[in-house]
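**Student:** The structure that follows is given in the form of structure tokens.
Derivation of every value follows stated rules applied to the coordinates shown; laboratory data play no part. Fair warning: this is a prediction, and the values are worked out from it, not measured in the lab. Cβ sites come from the backbone with ideal geometry, for glycine too, and all protein chains shown count toward neighbours.
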Amino acid sequence: MEVLDRKKPETEPRVGFTVTKRQGNAVERNRMRRRLKEAVRLSAGLEMKPGHDYVIVARRDVLNTEFAVLEHLLIERIKGRAKSGRPRETRSRKE
């Protein structure tokens with residue numbers, strides 16, 4: 001997960017989801033994305049800081065993890081273990 005502070009604390013947090021083709025076929029990727037979206041909507045979204053962007057990268061184990069565990073893990077990552085942006089040397093040259 002990556003987190004970016006937009007320096008606009010009055011705006012709502014934004015969330016993006018990414019699932020690569022390597023994670024499975026279209027049906028599986030969409031199921032992963034739907035599970036993550038629902039976990040954010042029900043509980044993890046409450047922990048997100050206003051004015052921040054969150055990018056959640058799905059992994060294959062999202063399909064088999066119990067939903068309550070998935071919610072707990074997302075909340076845990078959002079509260080304190082999320083990376084704060086990519087290191088300068090691995091960023092796109094377009095920035």
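**Student:** Please compute the modelled spin-label separation between residue 34 and residue 59, points set 7 Å along Cα→Cβ, answer in nm with one decimal.
**Tutor:** 2.4
**Student:** Cα-Cα pairs above 21 Å in segment 1-76: how many percent?
**Tutor:** Tail fraction, whole percent: 27.
**Student:** Also: Could you tally the net charge around residue 34, taking each other residue with its Cβ under 12 Å from the Cβ of residue 34, Lys/Arg +1 and Asp/Glu -1?
**Tutor:** Value of the local net charge: +4.
**Student:** How large is ³J(HN,Hα), in whole Hz, for each residue of segment 61-71 in order, when computed from phi with the Karplus curve 6.51 cos²θ - 1.76 cosθ + 1.60 and θ = phi - 60°, using x for Gly and Pro?
**Tutor:** Listing the rounded values in order: 5, 4, 5, 9, 6, 4, 4, 4, 5, 4, 4 Hz.
**Student:** Karplus couplings for segment 8-25 from phi (6.51 cos²θ - 1.76 cosθ + 1.60, θ = phi - 60°), rounded to Hz, Gly and Pro as x?
**Tutor:** Running phi through 6.51 cos²θ - 1.76 cosθ + 1.60 with θ = phi - 60° gives 10, x, 7, 9, 5, x, 10, 10, x, 10, 10, 9, 7, 4, 5, 7, x, 6 Hz.
**Student:** Then there is this: Tabulate in residue order the Karplus-calculated ³J(HN,Hα) for segment 74-80, using 6.51 cos²θ - 1.76 cosθ + 1.60 with θ = phi - 60°, rounded to whole Hz; enter x for Gly and Pro.
**Tutor:** 5, 4, 4, 5, 5, 5, x
**Student:** Give me, ordered by chain and number, the residues 5 or more places off residue 17 or on other chains with an amide H under 5 Å from its own placed amide H.
**Tutor:** 56
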